[in-house]
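Read-outs throughout are calculated quantities, based only on the coordinates presented, and are distinct from any laboratory measurement. Predicted, not measured: the structure shown is a model, and the values here were computed from it. Ideal geometry is used to build each Cβ from the backbone, glycine not excepted, and the neighbour counts take in all protein chains shown.
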Amino acid sequence: MREVLGIIMLVPQGLVPLVLMALDVDSKSWFVVMHLPPWAQLPGAIAFTVVGAVLTASGIRAERGR
């Protein structure tokens, strides 16, 4: 279950907003980070990416240990 939450946080909430910010696309859609104030968008996207990667890695590691 952790890996599912991690993948959701990593890809659509972390990496996709980073790409949209890099391309200067003004689309909020359902990306949580894009609804933050402009000064908090980049740190928020980085935080989602890091937490998502950690959750995904720990979930996969836990599944392998079973």
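Both the radius of gyration and Dmax for the chain are 13.0, 44 Å, in that order, over alpha-carbon atoms. Across region 48-66, the residues whose backbone nitrogen lies under 17 Å from the label position 7 Å along the beta-carbon direction of Val32 are 48-57.
Computed from Cα positions, the angle between helix 38-65 and the longest principal axis of the chain comes to roughly 10 degrees.
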